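Structure, as structure tokens:
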Amino acid sequence: KEKKIVFKEIFCSPSRRTKETLKLLLEKISNDPKIYYLDDLYHSSGINIFDTVMLHAKLNRVLVVSHEPLISTSIENFFSGSNNKYYLNAIEEYTTSAFFNVSFKCKEWFEINKSVSKINFYTKPKDL
């Protein structure tokens, strides 16, 4: 049985490639999320993904579509020192179109940090 995939907000790099990836993802999403295209999600912006989420997210269940090396660098910096197997796999080799799923026990996005986070999974397209 397939699980419903629901995101309330999506933050996507405005590049052609990420827009194409997002278009494919939207075919599998069960709802109609708000989509924002953010220049900060280019790897050259200097702002990590978690900071971008803290600054822009208003709703729960957020998806970020971005680029390497921004994704793995953001994960590595945010979860530095973690022994979680998904973290270790993601920083070793973040594959194109892979998913890194994190949940946070907090009320507001500005409260996110390593101590209130849980890495749920990291999966590559070939494993789906």
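We did not get these values from a lab; they are worked out from the coordinates using the rules stated. As the structure is a computational prediction, the values presented were derived from the model and not from experiment. No Cβ is skipped: glycine too gets one built from the backbone with ideal geometry, and neighbour counts run over all protein chains shown.
With a cut-off of 15 Å between beta carbons, the residues surrounding residue 111 carry a summed charge of +3, where Lys and Arg count +1 and Asp and Glu -1.
Once you reduce region 98-124 and region 23-61 to the center of their Cα atoms, the two points are 14 Å from each other.
Calculated FRET efficiency, residue 88 and residue 43, Cβ-Cβ r, R0 22 Å, to nearest 0.05? All intermediate terms of the calculation are to be shown ahead of the outcome.
Values: r = 21 Å, r/R0 = 0.97.
Result of the calculation: an efficiency of 0.55.
By the beta-carbon count within 10 Å of each Cβ, the least crowded to most crowded order of 117, 66, 30, fewest first, is 30, 117, 66. Compute the FRET efficiency between residue 26 and residue 61 as 1/(1 + (r/R0)^6), taking r as their Cβ-Cβ distance and R0 = 22 Å, and round to the nearest 0.05. Efficiency for this residue pair is about 0.95.
Taking other Cβ within 10 Å of each residue's Cβ, how do 94, 37 sort, fewest first? Mind dumping the intermediate values first?
Working: 94 19, 37 15.
Least crowded to most crowded, the residues run 37, 94.
Note: relative contact order over the chain, using C-alpha pairs below 8 Å and six or more positions apart, is 23 percent. Taking label positions 7 Å along the Cα-Cβ direction at both residue 103 and residue 4, the computed distance is 1.6 nm, reported to one decimal.
Between residue 124 and residue 17, the simple label model (points 7 Å from Cα in the Cβ direction) yields a spacing of 1.7 nm. Here the Debye sum runs over all C-alpha atoms of the chain as equal scatterers in vacuum, and log10 of I(q)/I(0) at q = 0.11, 0.14, 0.18 Å⁻¹ comes out as -0.36, -0.60, -1.06.
Label-to-label distance for residue 54 and residue 35 is 2.8 nm, based on points extended 7 Å past Cα in the beta-carbon direction.
By other beta-carbon atoms within 10 Å, ranking 19, 58 with the fewest at the front produces 58, 19.
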